[in-house]
Every structure is written in structure tokens, then in C-alpha cells.
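Got a structure here, written out as C-alpha cells. Questions coming.
The values are calculated or read from the model by the stated rules, or taken from the named source; none is laboratory data. Quick caveat: nothing in here was measured; it's all calculated off a predicted structure. A quick note on method: Cβ atoms are made from the backbone with ideal geometry, for glycine too, and the neighbour counts reach across all protein chains shown. Only protein heavy atoms, including side chains, enter the accessible area calculation; ligands, DNA and RNA are left aside. Shrake-Rupley method; radii C 1.70, N 1.55, O 1.52, S 1.80 Å.
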Amino acid sequence: MYNGKYIIPGIVIFVGLFTFPFWSNLLTPKYERPQLALPAGQKECIEPAEYMRAEHMHILDVWRDQALREGKRAYVASNGKVWDISLQNTCMKCHANKADFCDKCHNSNSVSPYCWDCHVAPRGNQ
Amino acid sequence: MSTTRRQFLKIAGLSVFGLGASTALDAADAVAKDMPGAKYEVGGKHLAAKRWAMVIDTRKLESREDYARIIDACHKVHNVPSIPTKQEIKWIWTDKYDRVFTDDMSQHLSPAVREKDYLLLCNHCENPPCVRVCPTKATFKRADGIVVMDYHRCIGCRFCMAGCPYGARSFNFGDPRPYLKEVNPAFPTRMRGVVEKCTFCSERLEVGLLPACVEASNGAILFGDLDDPNSPVRKALAENFSIRRKPSIGTQPGVYYIV
Ligand code: SF4
Ligand code: SF4
Ligand code: SF4
């Protein structure tokens, strides 16, 4: 092959670099779902846990607009229970352990929401 | 193999388009869904009005302590920091007559009136310039006349500060938290880069409470529905002479002063 001694090692190096994400992923330990500290003495969240896990940011997004813009501060959950719309006064009352609940999942998924730049994290937590 | 380069490129182009389209469809599919059955309602305890307004009876406010008590009450519940520089944050504060009622041209005002302190706060204008200039709709007027902010949306452009004729807005040049002696855990703070102002205590009205400054004023500040002739504000306005700040510019302030 014309200039093969350069081309073939070049291709090998390129393929190696190009597939880096795949083989580096095989070599590193598997992602494990973090163990969260669930609120003691509470059995259920406002909605089923599966839904909360996937959509809590969506709920908070709608909560903000409903409370602030529509003046609707009561959330009637799908099971009929009524909750005050408030991150600090409803969510964080139960999930008082932010470090072992919110942060754990957010950290292991490399997301850093800026909720707590303004919202006050519960006390007895640092 | 009779594939020409032209055919190959066509197929490659189509495949890329298909891939892109399917990812876009997946993304559209993944749009968050509301939990079926969940609803949003106005809380049972909330106080409602067509047009909230405030009347400040300046005759009942005299000593420094009167003002301090009212200002502290507001700033404590709302986590307003006390920053001792030009970068101060204020929701409610005081100033002298000629800087408050700038339209008044009377040359020989009684010294008592001229030397007095007057409480100042956002006027929750009927025609609020701050709302008109806000490019993000972070500042908006609610149906009940209260002008509020959604700090999540504020980009810190400060157009609203330039637009407000009453200096009712403050900008957070830095993180306000180091300047808070104690934090009210039931209310958020603000962050660096947003503007803030008095909310007419909309969050308290929502749960059936009157504004904190009204509660702390021992009756010197009245609060009620301007559209209801039997409300305390309308009664006070009917019985007393009152003025508003800069009435000539047409903003229609919702804060009245009995002098
Ligand atoms: S500073 Fe914030 S509230 Fe004011 S005009 Fe800009 S975006 Fe709107
Ligand atoms: S006083 Fe200023 S901040 Fe308040 S509503 Fe009027 S223009 Fe807006
Ligand atoms: S109405 Fe509420 S936010 Fe406005 S000055 Fe009074 S206490 Fe503060």
C-alpha cells in the first residue's frame, strides 16, 4: 500500500481515540443508584416516587408559575391530597436532609441546579 | 459494486436526516407530563381584592422607632439584607418631603411637614413602567394590581430600575446572604445579579395575613381593596385629605399618604 506504514498506525490511533468513550466506560466502575436518605416517618411523596424521580423539576417549574403568576398556591395531588405549593415550606419540610437526598443524586448525575442560591436549605443539615 | 459517489452521498445524507429526525421526535416524546388528576387551586385562606392599595397615615408615625419597627418587620420576614454601602437593598425606607413629593411646589410648607420622614415603598402602580420595560416578563402585574417579580427569570438588566420613577427597586451587586444577620427559613433570599423590591406581601395575602409592615404599624398603615367602597382604605381616603407620589406622570400609584 502506498504510504501504508503511516496510514495504518494512523488509522489505529484514530479508531482508538474515537472509541475512547466506549472502552473507558467499560473500564470504569458501573453507575450505581445513590442511596438516598428518605424522610423518616413518611411513606409517600405528593405523587408516586417514580413520577417524582423523573418529573420533580417539571412539577417545581409549574408550581412556580402557578403560585407566582396565577396566585394558585394549593396543589391537589392525583390522590386528592392538598399541599401548599412551596419548595421551602412543603418539599424541604419532609426532605430536611438536603445533603443526603437532593445533593446525592444531583452530584452523581453531575447536575448542579441553583435552587439554593435563593431558596433556604433546611437547617440541621450542614 | 456499481454505487457511484453521488448515490453514496445521497444515502448518507438521508440517513443523517433520519437519525436527526428520530432524535428530535424522541425529545418531543420526552416532554414532561403533568401527573393525571393533579390540579392547582387558590388556597382556602387567601385574601382577595380587585385592586390592593395602601394608605399611610403619616400623622400617626412620628418617632424614629416607629419607622424602624415597621422597616425591620418587612426586612426580617423577607430576608432583606442590610448592606451599609451604596449597594444597599431596600424594600421600605424613609426620606424627607422634597424627595418624596417632588411634584409639590409649595414654597412655604409647614416646617413640621417638610422636616418629617415619610415611609417609601413600591407603589404597585396601575400603569407600572417597570413592567413595560422588563424584557423577560420577570416583573409583571397581577390581576389584583400587585406588581411582583419572578426572580427566576430576572436577568439583572436593570431596565426596571431605570423605568421606576420612585427608586423602589434595588439591585444585588453581590451575594446578599453574608449581610443577613438571621434568615427567615420560610422565605427565600435573593442571589447576585437580580433586582428585588416590595411584594405588597402577596405571599402573606395568599395565606390570609396582612402585610408585615401593616401589622407592625399599630394602625398607621391601612391596607385593602381600592375598588370596594367599604374597605378600610376607601373609608380613610373618603374622610381625609391624601396625596400620592408624582401623580402627574400617570403611573397611578397604589400607595396613598394622609398628611
Ligand atoms: S432587571 Fe430583571 S426585573 Fe428588571 S427589567 Fe431586567 S429582567 Fe426585568
Ligand atoms: S413603584 Fe416602581 S417598581 Fe413599583 S410598580 Fe411603580 S414603577 Fe414598578
Ligand atoms: S407590603 Fe410587605 S413587602 Fe411591601 S413594604 Fe410592606 S411588609 Fe414589605
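Working from Cα positions, state the angle (0 to 90°, nearest 10) between the long axis of helix A:4-18 and the longest principal axis of chain A.
Orientation of helix A:4-18: about 10 degrees from the principal axis.
Then there's this: Can you give the helix-only mean residue ellipticity at 222 nm for chain A, where every DSSP H stretch with n ≥ 4 adds -39500 (n - 2.57) and the sum goes over all residues, rounded to the nearest 500 deg cm²/dmol?
Values: 5 runs with 55 residues, N = 126.
Value at 222 nm, helices only, nearest 500: -13000 deg cm²/dmol.
Suppose R0 equals 35 Å. What FRET efficiency, 1/(1 + (r/R0)^6) with r the Cβ-Cβ distance, do B:E88 and A:M57 give to the nearest 0.05?
Details: r = 34 Å, r/R0 = 0.98.
It comes out at approximately 0.55.
Hey, for a label at A:S108 modelled as a point 7 Å past Cα toward Cβ, could you say which residues of the range A:17-34 have their backbone N under 15 Å away?
A:29-34
Relative to the Cα centre, what is the charge dipole magnitude of the range B:52-258, using +1 at the beta carbon of each Lys and Arg, -1 at the beta carbon of each Asp and Glu, and rounding to the nearest 20 debye? Show your work: numbers first, answer last.
On the way: 29 positive and 25 negative charges, 138 e Å.
Rounded to the nearest 20 debye, it is 660 debye.
Give the longest segment of chain A that steers clear of chymotrypsin sites (Phe, Trp or Tyr not before Pro) in DSSP loops with at most 13 neighbouring Cβ atoms within 10 Å, not counting the sites themselves. Don't skip to the answer; put the middle values down first.
Numbers: sites that count: A:Y2, A:Y31, A:Y114.
Answer - A:32-113.
Oh, and also: Compute the longest continuous run of chain B that contains no exposed GluC sites (Glu not before Pro); treat a site as exposed when its DSSP state is not H, G, I, E or B and it has at most 14 other Cβ atoms within 10 Å.
On the way: sites that count: B:E62, B:E88, B:E182.
Result for the longest clean stretch: B:89-181.
What's the center-to-center distance, using Cα atoms, between the range B:172-211 and the range A:58-95 in Å?
Measuring centre to centre over Cα atoms gives 19 Å.
Out of A:C102, A:G41, A:L87, whose Cα points farthest toward the positive end of the dipole of the range A:31-117 (charges: +1 Lys, Arg; -1 Asp, Glu; placed on Cβ)?
Of the listed residues, the answer is A:G41.
Can you compute the modelled spin-label distance between B:A21 and A:N3, with each label point 7 Å from Cα toward Cβ, in nm?
Calculated label separation equals 3.9 nm.
For the protein assembly as shown, give the percent of accessible area contributed by carbon and sulfur heavy atoms, probe 1.4 Å, rounded to a whole number. Provide the component values of the computation, followed by the final result.
Numbers: 13600 of 23300 Å².
Roughly 58 percent of what the probe reaches on the protein assembly as shown is carbon or sulfur.
Can you give the longest run of chain A that contains no trypsin sites (Lys or Arg not before Pro) sitting in a DSSP loop with at most 12 other Cβ atoms inside 10 Å?
On the way: sites that count: A:K30, A:K43, A:K81, A:R123.
So the longest stretch without any such site is A:82-122.
Helix-only mean residue ellipticity at 222 nm, chain B, DSSP H runs n ≥ 4 weighted -39,500 (n - 2.57), per residue, nearest 500. What is it? Walk me through the intermediate numbers first.
Details: 9 runs with 75 residues, N = 259.
That comes out to -8000 deg cm²/dmol.
First measure r as the distance between the Cβ atoms of A:V82 and B:N230, then evaluate 1/(1 + (r/R0)^6) with R0 = 41 Å and state the FRET efficiency to the nearest 0.05.
With R0 = 41 Å, the Cβ-Cβ based efficiency is 0.85.
Can you pull out the chymotrypsin sites (Phe, Trp or Tyr not before Pro) in the range B:123-197 whose DSSP state is coil and whose Cβ has at most 16 other Cβ atoms within 10 Å? Mind dumping the intermediate values first?
Details: sites: B:F140, B:Y151, B:F159, B:Y166, B:F171, B:F173, B:Y179; in loops: B:Y151, B:Y166, B:F173.
Passing both the DSSP loop test and the Cβ count: B:F173.
Sticking with this structure for a sec: Let's see if you can work this out: charge +1 on each Lys and Arg Cβ, -1 on each Asp and Glu Cβ, no other charges. What is the dipole magnitude of the protein assembly as shown about its Cα centre, in debye to the nearest 20? Could the numbers behind the result be given before it?
Details: 51 positive and 41 negative charges, 192 e Å.
So the magnitude is around 920 debye.
Treating only the Cβ of Lys, Arg, Asp and Glu as charged (+1, +1, -1, -1), what charge dipole size does the range A:31-117 show about its Cα centre? Round to the nearest 20 debye.
For the range A:31-117, the charge dipole is close to 220 debye.
Measuring from centroid to centroid over Cα atoms, what is the spacing of the range B:32-101 and the range B:216-243 in Å?
Answer, in whole Å: 17.
Just to be sure I understand: of the beta bridges DSSP finds with both ends in the range B:52-258, what percent are antiparallel, rounded to 5?
80 percent
Okay, moving on. Before we go on, tell me the buried accessible area for the B/A pair, both chains summed, 1.4 Å probe, in Å² to the nearest 100.
Interface area, both chains combined: 2700 Å², rounded to the nearest 100.
So how tilted is helix B:64-77 from the main axis of chain B? Cα-based, degrees 0 to 90, rounded to 10.
So the inclination is approximately 20 degrees.
Determine, from the Cβ-Cβ distance of A:E32 and B:Q252 and an R0 of 56 Å, the FRET efficiency 1/(1 + (r/R0)^6), rounded to the nearest 0.05. Don't skip to the end; give the middle numbers.
Numbers: r = 60 Å, r/R0 = 1.08.
Computed FRET efficiency for A:E32 and B:Q252 comes out at 0.40.
Tell me which trypsin sites (Lys or Arg not before Pro) from the range B:164-259 have a DSSP coil assignment and no more than 11 other beta carbons within 10 Å of their own. Could you put the intermediate results ahead of the total?
On the way: sites: B:R169, B:K181, B:R190, B:R192, B:K197, B:R204, B:R234, B:K235, B:R244, B:R245; in loops: B:R169, B:K181, B:R190, B:R192, B:K197, B:R244, B:R245.
Of the trypsin sites (Lys or Arg not before Pro), the ones in loops of the range B:164-259 whose Cβ has at most 11 other Cβ atoms within 10 Å are B:K181.
Let me ask something else about it. Have a look at the protein assembly as shown and give its Rg and Dmax from the Cα atoms, expressed in angstrom.
28.6, 104
Percent relative contact order of chain A, based on C-alpha pairs within less than 8 angstrom and at least six residues apart?
Values: 74 pairs, mean separation 30.6, N = 126.
Computed value for chain A: 24 percent relative contact order.
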